[in-house]
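The values are calculated or read from the model by the stated rules, or taken from the named source; none is laboratory data. What you are looking at is a predicted structure, and each value in this text was computed from that prediction instead of being measured. All Cβ positions, glycine included, derive from the backbone under ideal geometry; neighbour counts span all protein chains shown. Accessible surface is based on the protein model in full, side chains and every heavy atom, while ligands, DNA and RNA are left aside. Shrake-Rupley method; radii C 1.70, N 1.55, O 1.52, S 1.80 Å.
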Amino acid sequence: QVQLLESGGGLVQAGGSLPPSCTTSGGTIYAMAWLRQAPGKEREFVAGVSVSGSMTYYGDSVKGRFTISRDNTNNTAYLQMNSLRPEDTAVYYCAARYGFVRQTVAQYEYWGQGTQVTVSS
């Protein structure tokens, strides 16, 4: 059973940074991703990283501002969020799936509880 635990969300002013992380149990044979859900909106793909960490993928709205990475020695994935905007306000979820990164929410099998990120203007 894969379990995911996020940490590192919080409140930040526009233009600031946050470094949420996601620690997993159950091995490292899966792709990992961050997805977010803002109030009244559907959950959307933010960023994903392959099993080895060599391949990364980003949603259009965060390209150039967010960086995803992973450290398989401690089973942790990171999302460095820079130049944050009020529209980045959402609950951020860590998710995992066996195989390749996918940008479709429904294709992720395992989910964390989520961490709130709030960006004030």
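Positive end of the dipole of the stretch 28-80, charges at C-beta (+1 Lys, Arg; -1 Asp, Glu), about the Cα centre: which of 61, 72, 51 has its Cα farthest in that direction?
Of 61, 72, 51, it is 61.
Report the charge-dipole magnitude of the chain in Debye, nearest 20, computed about the Cα centre from +1 at each Lys and Arg Cβ and -1 at each Asp and Glu Cβ.
Details: 9 positive and 8 negative charges, 22 e Å.
Here the chain has a charge dipole of around 100 debye.
Along the Cα→Cβ direction, 7 angstrom out, place labels at residue 71 and residue 52. What is the inter-label distance in nm?
Computed distance between label sites residue 71 and residue 52 equals 2.1 nm.
Mind checking the per residue accessible area of the chain for me, 1.4 Å probe, whole number of Å²?
With the other protein chains kept in place, the chain gives 51 Å² per residue.
For an R0 of 30 angstrom, estimate the FRET efficiency from the Cβ-Cβ distance between residue 80 and residue 1 and round to the nearest 0.05.
0.60
Within the chain, what whole-number % of the accessible surface is contributed by carbon and sulfur, with the 1.4 Å probe and all protein chains included in the calculation?
49
Which of the three applies to the stretch 1-67, rounded, prolate or oblate, going by the alpha-carbon gyration tensor with a ≥ b ≥ c and a/c under 1.5 meaning rounded? Please list the in-between numbers first.
On the way: a/c = 1.66, a/b = 1.45, b/c = 1.15.
Note, shape of the stretch 1-67 comes out prolate.
Could you calculate the contour length gain from residue 100 to residue 17, that is, 0.36 nm times the residue separation minus the distance between their Cα atoms, to one decimal place in nm?
The residue 100-residue 17 span can extend by a further 27.1 nm.
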